[in-house]
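A.B. asks: Below you will find the structure I want to go over with you.
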C-alpha cells in the first residue's frame with residue numbers, strides 16, 4: 001500500500017514540477033502562489049516562474065536518501081515578509097543543502113494562530129523550521145543542521 005501511495009505522490013509531483021507557477025501579492029499584502037495568474041486587477045507584482053527558477057528539483061532527480069528523508073520527515077519553513085534578512089538566510093540555508101521544503105508565509109491571524117498551536121501555545125520567533133514532528137524557533141544554522149542530519153538529509157548539496 002505504501003509503495004502505491006509513493007508512486008502516486010511522485011507522479012503528481014513530477015507533473016507539478018513541469019508547470020509554470022505564478023506568484024503575486026493581493027490587495028491586503030498577502031503572497032499567493034498558484035498555477036493560474038490572478039484575475040485582472042486582483043494582484044500586484046505578478047511573477048511567472050518556472051520550477052527551475054524556484055529552486056525546485058524534480059523528485060526523480062533527487063537522490064534516494066533525500067526522497068526517503070522527505071517522505072519520513074517533511075520540512076516546512078514558516079516565515080513572513082517582514083521577517084527580513086534572517087528569513088532569507090534561513091531559506092538560503094535549506095536551498096544550499098538541497099533540502100526540499102514547503103515555505104509557508106504567516107500573514108493572517110489564522111496563520112499566526114495555527115503556528116502558535118504548532119508551538120504548543122508559545123510565541124513564534126520567525127523563522128520556524130518543522131522537520132517531521134520536531135519544531136525549532138529562530139534561525140540557528142548549526143541547530144537546523146543537526147535536526148536535518150538526524151532526519152537523514154545529506155550534509156552537503158548532493159551532486160547530480
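A.B. asks: Could you list 76, 102, 40 in order of exposure, starting from the residue whose Cβ has the fewest other Cβ atoms within 10 Å?
C.D. replies: Details: 76 15, 102 10, 40 6.
Arranged by neighbour count, lowest to highest, 76, 102, 40 become 40, 102, 76.
A.B. asks: So what's the gap between the Cα centers of the stretch 134-152 and the stretch 64-80, to the nearest angstrom?
C.D. replies: Their Cα centres are 12 Å away from one another.
A.B. asks: How far is it, in nm, from the label point at residue 23 to the one at residue 136 when both lie 7 Å from their Cα along the line to the Cβ?
C.D. replies: 2.4
A.B. asks: Using Cβ contacts closer than 10 Å as the measure, can you line up 65, 133 from fewest to most?
C.D. replies: On the way: 65 12, 133 7.
The most exposed by this proxy come first: 133, 65.
Coordinate-derived values only; no laboratory data. Everything numeric here is computed off the predicted structure, so don't read it as measured data. Cβ atoms come from the backbone with ideal geometry, glycine included; neighbour counts cover every protein chain shown.
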